[in-house]
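Quick notes on the structure that follows.
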Amino acid sequence: MASRGWLYIQAVVWRFLMRIGMLLHYIAPPRPPRPSFTRTVRSDIHGHSIVIHFYCPRDYRQRLREGYRFPVAVNFHGGGFTLGSATDDARWAAAVVEHVDAVVASVGYRKAPEHPFPVAVDDCVEALLYLASHAGDLALDVSRVALSGFSAGGNLAVTVPLRLQGRVLTKINENLGRTESTQRLVDQTSDLNIVALFCWYPILDFLESRDHRRAMSIMPNKTLPKFFTNLFDEAYLPDIADRSSPFASPVRASDRLLSEGLPQDVFLYICEWDMLMKEGQTFVRRLEGLGKRVRAMMIEKAKHAWDKSANPFRDQYSVDILYKDACADMKAIFDR
């Protein structure tokens, strides 16, 4: 396993290159929007900061003054928990704002190797609690929350509600002498209702070797290269024992945790040429067996993160069609 210093150097280089790639990604019309505004969440425990980027409908300010509450899609970006930023999914955010009439809150969680597991998942839990506590100020209806994420963010869309449930249960079980902090956590989550997950090509299992998954892929030469997967795995999960945690590898979670921690509606978008395809399919069958309403979409002849291509001349229209289809499902759930 590489040293933390070497992993950090690699991460810095790839973060710079990825920003160039995303600048090219943004060129293709229509240009994605910038965030409407940001909020900084300061942890009461450690004092660190998490920035949440908000994408809002055009009449957001007017309807805020009128007391309207928007449903909210909380999004987690990809990048192997090591790269990327909260604005990388601006095209997805634009689709949700337009077709769902919802607010998108994209979370800028801290990244590895500086902040390994479980920092990312805990930051995203903190962001959810912040949204629940400030729902009135932000015009959010937190009884209608969908979680979405891409790649590593797709993992977070699954693990964050599991981690949140675990925190609440732990606080309740250990509330002797901590009544105030326990009640505060319960109050923050009392109105919070996660109604659906939208997971795009998520990683769900860190225990199965990347070499095996690559070899079992339909197109091994189309999968993420080894230098990327090694960086991501070693940066985020340097302690091998952590890789079996349900908050890192949700396929390792108990049936009870998945049944109680996840909403009824789960959408998984899986790329045909991705090394993560088979674990996604396995997870779909597992959730169906637990009685969840699962829709699995196979994106044919697509590589991992195909929708984040840096090619400014790509077929953005085909990506937007899938985004629009996902938004229709999200809107139908919000409108129930």
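Under unit Cβ charges (Lys, Arg +1; Asp, Glu -1), what dipole magnitude, rounded to 20 debye, does the chain have relative to its Cα centre?
Rounded to the nearest 20 debye, it is 460 debye.
How much of the DSSP bridge set in the range 1-139 is antiparallel, in percent, rounded to the nearest 5?
70
Based on DSSP, what percent of beta bridges with both residues in the chain are antiparallel, to the nearest 5?
Percentage antiparallel, nearest 5: 30.
For the range 4-334, what class follows from the C-alpha gyration tensor (a ≥ b ≥ c being the square roots of its eigenvalues): rounded when a/c is under 1.5, otherwise prolate if a/b is larger than b/c, else oblate?
rounded
Counting other Cβ atoms within 10 Å, keep those with at most 13, restrict to DSSP loop, and tell me which chymotrypsin sites (Phe, Trp or Tyr not before Pro) in the range 1-88 are left.
TYR68
Please arrange HIS115, HIS134 by counting, for each residue, the other beta carbons lying within 10 Å of its beta carbon, fewest first. Don't skip to the answer; put the middle values down first.
Details: HIS115 18, HIS134 13.
The order, fewest Cβ neighbours first, is HIS134, HIS115.
Once you've got the GNM for the chain with C-alpha springs shorter than 10 Å, pick whichever of TYR317, TYR236, TYR130 has the biggest mean-square fluctuation.
Highest fluctuation among the options: TYR317.
Would you calculate a helix-derived [θ] at 222 nm for the chain, using -39,500 (n - 2.57) for each DSSP H run of n ≥ 4 and dividing by the full residue count, to the nearest 500?
Working: 12 runs with 151 residues, N = 336.
-14000 deg cm²/dmol, from helical runs alone.
Based on DSSP H assignment, which helices of the chain show an axial Cα extent of at least 24 Å together with a mean Kyte-Doolittle hydropathy greater than or equal to -1.0?
4-27, 152-173, 316-334
Gap in Å between the Cα centre of the range 264-336 and the Cα centre of the range 36-113?
Cα centroid to Cα centroid, the span is 20 Å.
Would you look at the GNM of the chain, springs on alpha carbons closer than 10 Å, and say which of SER217, SER49, SER318 moves the most?
Looking only at SER217, SER49, SER318, the biggest GNM fluctuation is shown by SER318.
Shape of the range 193-336 from its Cα gyration tensor (a ≥ b ≥ c, root eigenvalues): rounded if a/c is under 1.5, otherwise prolate when a/b > b/c, or oblate?
Oblate, because a/c is 1.5 or more while a/b does not exceed b/c.
Each value in this text was obtained by applying a stated rule to the coordinates, not by laboratory testing. None of these values were measured; they are calculated from a predicted model. Heads up, the Cβs are rebuilt from the backbone with ideal geometry, glycines too, and the neighbour counts pull from every protein chain shown.
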